[in-house]
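A.B. asks: Before I ask anything, let me first share the structure, which is written out below as structure tokens.
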Amino acid sequence: MENRNSFAAFAEACRYLPGGVNSPVRAFGGVDVQPVFIAGARGSKIFDLDGHEYIDYVGSWGPMILGHAHPAVLAAIHKATDQGTSFGAPTPAETALAARIVGAVPSIEKLRLVCSGTEAVMTAIRLARAATGRDGIIKMAGCYHGHSDSLLVQAGSGVAEAEDAAAAGPISTRVPTALTASPSVASCPGVPEALARLTLVVPYNDAGAVQAVLDKHAGQIAAVLVEPVAANMGVVPPEPGYLETLRRLCDQHGVLLIFDEVITGFRVAYGGAQELYGVRADLTCLGKIAGGGLPLAVCGGRAAIMDLLAPLGRVYQAGTLSGNPLATAAAIATLDILAEGRVYRELESSAANLAAGLAEAAADAGVRLTINRVGSLLSGFFTGRPVRNFDDVRSTDVPAFKRFFAEMLRRGIYVAPSAYEAMFVSLAHTKQDIDRTLSAARASFRLVMTP
Ligand code: PMP
């Protein structure tokens, strides 16, 4: 495949941008392939600088649930643009969007619009700390919540971390050994150790580990933060009862439950994972789809907590471009289409066909593949075993995934350039798209087996 223009564009970009990109995964470092540079996208397809067309399962990492360049969304953005692009003053569209979100997500009574998922989660954590007067945060290994300092803390091996955490003693007096000295913990350079220590990492799908930390650090944990369907280590659904138990533990310990629904919001159901599983969070973060493909995200929740924000309360939070008129227009146009009931049935059916076809193609090629799927979010892990947490994800065959990625790309199918990311199915994916994807997968799986 001739990629001359993408290669040249990448070389040029590397002169000015660290690694040639503005977000690391775009450099394709996880798949040992040079990145393709994008000229445009429409519907289910994305086009590169060398004239190749790909069926796109990345969807800008989640937002493009309607497909690219949806006419209604583009029209709404064009119309808004005619009135000016930013005012730094309130507009009725912000209220109109907020009303839709409050109507959609069962636990959100009030919300604040921000510009990125990172900001939304950062705000939720500040609110949780203010509301509880505590500093500790529990997060799950393999979940991603943006790049704020408190959340670039990662742990590896299951039970060991929980035990480490439980053995760590009170947060305030603990020396930075327990979690951070464990060889399986990697925190990002530049993140102050003192801050990282306040984030305790336990395995996903292990409510017992959460309970152990809450018991040990009673009165010190402000929030349990979780992706209700983990989708940043590939897709890992919550096991039955997991979210319900987190809710109960939080209530027992006076801790806030924060659902990071930046991916799952408006994706797994109109009301997100909370609607799907019937569990309510105290605070919810939305982004991606909630911004209709423009930079917009949401921190929302119970009114009593949200009213702690300035100007009503003393918890400071602000943003020059928050509630931007182009972003609110794109968001409203997107949500209005999603509010039509048929949408999620169609997504379910396309994604189910894709998952079934991938499973069959892998089996025929003798490839062991575990597919996890929740609605239009899915992942194929190169393993014969179930995948229920980050340790399981890390034991999958990443070299096999890399070969699969390269073969699929060569055949015009763009899946996420990382073994740890989801596939996103959109409303624009047709039966022909899925069929083409499956025949590419058949050929690719066969080659994966013969490196
Ligand atoms: N939370 C989750 C669950 C995410 O998937 C992401 C981004 N992939 C974020 C937060 C951060 O969002 P952003 O990239 O908009 O800062």
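The values are calculated or read from the model by the stated rules, or taken from the named source; none is laboratory data. In this text, all values refer to a predicted model and were calculated from it rather than measured experimentally. Backbone-built Cβ (ideal geometry, glycine too); neighbour counts: all protein chains shown.
A.B. asks: Restricting attention to segment 220-237, and to residues there that are in contact with a Ser or Thr (Cβ under 9 Å, 6 or more places away or on another chain) and assigned to a loop (DSSP other than H, G, I, E, B), which single residue is surrounded by the most Cβ atoms within 10 Å (Cβ to Cβ)?
C.D. replies: Ala231
A.B. asks: Can I ask one more? Considering only residues that are of a type in the set (A, V, I, L, M, F, W, C), more than 16 Å from the ligand (Cβ to nearest atom) and closer than 15 Å to Val415 by Cα, which ones fall in segment 44-76?
C.D. replies: Ile46, Phe47, Ile55 - these are the residues of segment 44-76 that are of a type in the set (A, V, I, L, M, F, W, C), more than 16 Å from the ligand (Cβ to nearest atom) and closer than 15 Å to Val415 by Cα.
A.B. asks: Give the residue, chosen from Leu296, Leu326, that is buried (at least 21 other Cβ atoms within 10 Å of the Cβ), more than 23 Å from His429 (Cα to Cα) and more than 22 Å from the chain's Cα centre (by Cα).
C.D. replies: Leu326
A.B. asks: Next question. How do the pairs read when you match residues in segment 106-121 that are in the same structural domain as Ala331 (by TED's automatic domain parsing) with residues anywhere that are among the polar types (S, T, N, Q) and in a helix (DSSP H, G or I), using Cβ under 7 Å and keeping only pairs 6 or more apart or on different chains?
C.D. replies: Note: pairs meeting the criteria are Pro106/Gln274; Ser107/Gln274; Arg112/Thr123; Val114/Thr123.
A.B. asks: Failed condition for Gln432, given (1) surrounded by fewer than 22 Cβ atoms within 10 Å (Cβ to Cβ); (2) in a helix (DSSP H, G or I); (3) within 24 Å of the chain's Cα centre (by Cα), with all others met?
C.D. replies: Just one mismatch for Gln432, condition (3).
A.B. asks: Looking at segment 97-123, which of its residues are in contact with a Phe, Trp or Tyr (Cβ under 9 Å, 6 or more places away or on another chain) and within 18 Å of Ala222 (Cβ to Cβ)?
C.D. replies: Ser107, the sole residue that qualifies.
A.B. asks: Quickly run through segment 252-272 and pick out the residues that are within 11 Å of the ligand (Cβ to nearest atom) and farther than 15 Å from Leu347 by Cβ.
C.D. replies: Ile258, Phe259, Asp260, Glu261, Val262
A.B. asks: Next question, about the same structure. Go through Ala39, Ala76 for me and flag whichever is over 20 Å from the mean Cα position of the chain (by Cα) and crowded, with 22+ Cβ neighbours inside 10 Å.
C.D. replies: Within the list Ala39, Ala76, the selection yields Ala76.
A.B. asks: Which one of Gly301, Gly278, Gly319 is buried (at least 24 other Cβ atoms within 10 Å of the Cβ) and out of contact with any helix residue (DSSP H, G or I) (no Cβ under 6 Å at 6 or more places or on another chain)? If you could, list the steps in order and put the result at the bottom.
C.D. replies: Values: Gly278 fails: buried (at least 24 other Cβ atoms within 10 Å of the Cβ); Gly319 fails: buried (at least 24 other Cβ atoms within 10 Å of the Cβ).
Answer to the check: Gly301.
A.B. asks: Could you name every one of the strands (runs of 3 or more DSSP E) located completely within segment 1-113 that has at least 3 residues being within 27 Å of Ala428 (Cα to Cα), of a type in the set (Gly, Ala, Ser) and touching a strand residue (DSSP E or B) at 6+ places or on another chain (Cβ under 9 Å)?
C.D. replies: By residue number, 38-42.
A.B. asks: Suppose we filter Gly234, Gly190, Gly208 for residues that are at pLDDT 90 or above, over 26 Å from Ala120 (Cβ atoms) and not hydroxyl-bearing (Ser, Thr, Tyr); which single one remains?
C.D. replies: That would be Gly208, the only listed residue that is at pLDDT 90 or above, over 26 Å from Ala120 (Cβ atoms) and not hydroxyl-bearing (Ser, Thr, Tyr).
A.B. asks: Is it the case that some residue within segment 243-251 is more than 14 Å from the ligand (Cβ to nearest atom), in contact with a Leu (Cβ under 7 Å, 6 or more places away or on another chain) and of a type in the set (A, V, I, L, M)?
C.D. replies: The answer is yes; a qualifying residue exists.
A.B. asks: Here is a further query. Regarding segment 87-110, can at least one residue be identified that is touching a helix residue (DSSP H, G or I) at 6+ places or on another chain (Cβ under 9 Å), at positive phi and within 16 Å of the ligand (Cβ to nearest atom)?
C.D. replies: No, segment 87-110 has no match at all.
A.B. asks: Let me ask another. Those residues that are surrounded by fewer than 24 Cβ atoms within 10 Å (Cβ to Cβ), hydrophobic (A, V, I, L, M, F, W, C) and more than 16 Å from the chain's Cα centre (by Cα), I need them from segment 116-136; list them, please.
C.D. replies: Once the filter is applied, which keeps residues that are surrounded by fewer than 24 Cβ atoms within 10 Å (Cβ to Cβ), hydrophobic (A, V, I, L, M, F, W, C) and more than 16 Å from the chain's Cα centre (by Cα), segment 116-136 yields Ala130, Ala131.
A.B. asks: Mind checking which pairs have a first residue in segment 40-59 that is free of Cβ contacts under 8 Å to residues at least 12 places away in the same chain and a second that is of a type in the set (Gly, Ala, Ser), Cβ under 6 Å, 6 or more apart or different chains?
C.D. replies: Qualifying pairs under 6 Å: Phe47/Ala39; Phe47/Gly40.
A.B. asks: May I pose another question? If you take the residues of segment 281-293 that are closer than 21 Å to Glu244 by Cβ and more than 12 Å from the ligand (Cβ to nearest atom), which of them is surrounded by the fewest Cβ atoms within 10 Å (Cβ to Cβ)?
C.D. replies: Across segment 281-293, the extreme among qualifying residues is Asp282.
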